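Structure record follows, encoded as structure tokens.
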Amino acid sequence: MPAWLIWIILAAALGAAEFFTLTFVLGLLATAALVAGLLGALGLPVVVQIIGFAAASAAGVWLVKPIMDRQIARGPDVRSGTAALVGRSALVLEPVDADHGLVKLSGEEWSARSIDEDLVIPVGAHVDVVEIDGATALVYPREALPEPMEPNGPDQTRPGQDRPEAD
């Protein structure tokens, strides 16, 4: 079997392996094997084919791999639509609880729900958008909310009743 045919078979095997692994390195090696196969098909000796394979492999790894790594690491460029609203701040226009509410988000009024079912967020509070569910913003308060005062708590007196005098 001629050496160039072995290079072509190796290129096909590496290309198939790249298809299943998606590492990009095997694809670069498949291209290098294809270069060596073409050199062999031109009638050049096996030593030249091996040098061609090594040079094409090194060039691929040295030139192409850093570009591919940079493109993969970048991730998505721009968030748009409702995905762009997640993480933004909003102002509460109507009290927000687990079932309903209204916030001003990016200049528009949005229906809102508190992500915490036990929390009621008062008007004027600033909230962060955690998620968008359809046309409803799921929000959480940006700062700690003041504790609601109990209407007849221990420090308060009922209207019309005097505080007890200290003895």
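For the residues V78, V35, the requirement of being under 23 Å from W4 (Cα atoms) and among the aliphatic types (A, V, I, L, M) singles out V35. All conditions in (1) under 30 Å from F24 (Cα atoms); (2) surrounded by 14 or more Cβ atoms within 10 Å (Cβ to Cβ); (3) at pLDDT below 90; (4) not charged (D, E, K, R) hold for T82, with the sole exception of (1).
None of G43, G52 is within 16 Å of I6 (Cβ to Cβ), loosely packed, with under 13 Cβ neighbours inside 10 Å and either in contact (Cβ under 8 Å) with a residue 40 or more places away in the chain or of a type outside the set (V, I, T) (or both) except G43.
Name the pairs: first residue in the range 3-24 and under 23 Å from P45 (Cα atoms), second residue open to solvent by 60 Å² or more (accessible area, probe 1.4 Å) and among the charged types (D, E, K, R), Cβ to Cβ under 6 Å, at least 6 apart or on different chains? No pair meets every condition. Checking the range 69-78 against the condition returns a match, with at least one residue being within 26 Å of the chain's Cα centre (by Cα), polar (S, T, N, Q) and either within 27 Å of I9 (Cα to Cα) or part of a helix (DSSP H, G or I) (or both).
Inside the range 94-126, residues that are of a type outside the set (S, T, Y), over 19 Å from E143 (Cβ atoms), in contact with a Leu (Cβ under 8 Å, 6 or more places away or on another chain) and outside any strand (DSSP E or B) make up a count of 1.
Where residues in the range 104-119 are open to solvent by 60 Å² or more (accessible area, probe 1.4 Å) and of a type in the set (D, E, K, R), which of them is nearest to the chain's Cα centre (by Cα)? Give the derivation first.
Filtering the range 104-119 for residues open to solvent by 60 Å² or more (accessible area, probe 1.4 Å) gives 104, 106-109, 113, 115, 117-118.
From what is left, the residues that are of a type in the set (D, E, K, R) are 104, 108-109, 113, 117-118.
Details: K104: 25, E108: 25, E109: 26, R113: 24, E117: 26, D118: 29 Å.
Per the criteria, the residue is R113.
Scanning the range 1-38 for residues being part of a loop (DSSP other than H, G, I, E, B), open to solvent by 80 Å² or more (accessible area, probe 1.4 Å) and closer than 19 Å to I72 by Cβ gives a total of 2.
The values are calculated or read from the model by the stated rules, or taken from the named source; none is laboratory data. This one's a predicted model, so the numbers in the text were calculated from it and none came from an experiment. In this analysis, Cβ positions are derived from the backbone assuming ideal geometry, glycine residues included, and neighbour counts consider all displayed protein chains. SASA here: full protein model, heavy atoms, side chains in, ligands and nucleic acids out. Shrake-Rupley method; radii C 1.70, N 1.55, O 1.52, S 1.80 Å.
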